[in-house]
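The values are calculated or read from the model by the stated rules, or taken from the named source; none is laboratory data. For clarity, every value in this text was computed on a predicted model and none was experimentally measured. Because the Cβ atoms are built from the backbone with ideal geometry, glycine has one as well, and the counts that use them run over all protein chains shown.
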C-alpha cells in the first residue's frame, strides 16, 4: 500500500465517522423533537421539492432505496394524513405521491429545525471551511 493510498483510506474512515455521527444526531433530533424518522424526513423532503408529485419509482431512485422501502414510508405518511397517492390519468399502473397541506406544514417545521441542527453540528467550521469542504466533495463526486 502506498503512502498516498493509506492517506486516502484514513480520509475515508474520518469522512465516514463524521457522516455517521451527524446522521445519528439528526436521527435522534427528529425522533425526539418531531416524533419522526430520518427516512420519513427524506421522503417528505423529496416530495416537498417536487410539489407536483413523484411516482414511487422516481421517489425510490431519488432516495436510492428500494420500491418496497419507499412504499412502507409512503404508506405511513398516507395513514398519518401527511401524503396522498394520486392515480395517473394515463396509466392505471402509475401512482404519484404528493404531500397534503398538513404534510407541507409538518415538513416545513421539521426542515427549519433540521437546518438549525445541521448548523449546530458543524458550528466549529468557518464559512471558508464549509466552502472548501463543499468544493472538495464536489470534485470527489466526479471521480
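Quick notes on this structure:
- Test: residue in the range 53-65 that is farther than 30 Å from residue 133 by Cα, exposed (fewer than 12 other Cβ atoms within 10 Å of the Cβ) and in contact (Cβ under 8 Å) with a residue 24 or more places away in the chain: no
- Filter pass, residue 43 being in contact with a strand residue (DSSP E or B) (Cβ under 9 Å, 6 or more places away or on another chain), buried (at least 17 other Cβ atoms within 10 Å of the Cβ), outside any strand (DSSP E or B) and at pLDDT 95 or above: yes
- Residue within the range 8-29 that is under 23 Å from residue 102 (Cβ atoms) and in contact (Cβ under 8 Å) with a residue 60 or more places away in the chain present: yes
- Residue pairs whose Cβ atoms lie under 7 Å apart, sitting 6 or more positions apart in sequence or on different chains, and linking a residue in the range 100-119 that is exposed (fewer than 13 other Cβ atoms within 10 Å of the Cβ) to a partner that is at pLDDT 95 or above, are 102/81; 102/82.
- Just so you know, in the range 53-67 the residues that are in a helix (DSSP H, G or I) and in contact with a helix residue (DSSP H, G or I) (Cβ under 9 Å, 6 or more places away or on another chain) include one that is modelled with the lowest pLDDT, and it is 67.
- Sole residue being modelled with pLDDT of 95 or more, in a helix (DSSP H, G or I) and touching a helix residue (DSSP H, G or I) at 6+ places or on another chain (Cβ under 9 Å), chosen from 81, 103: 103
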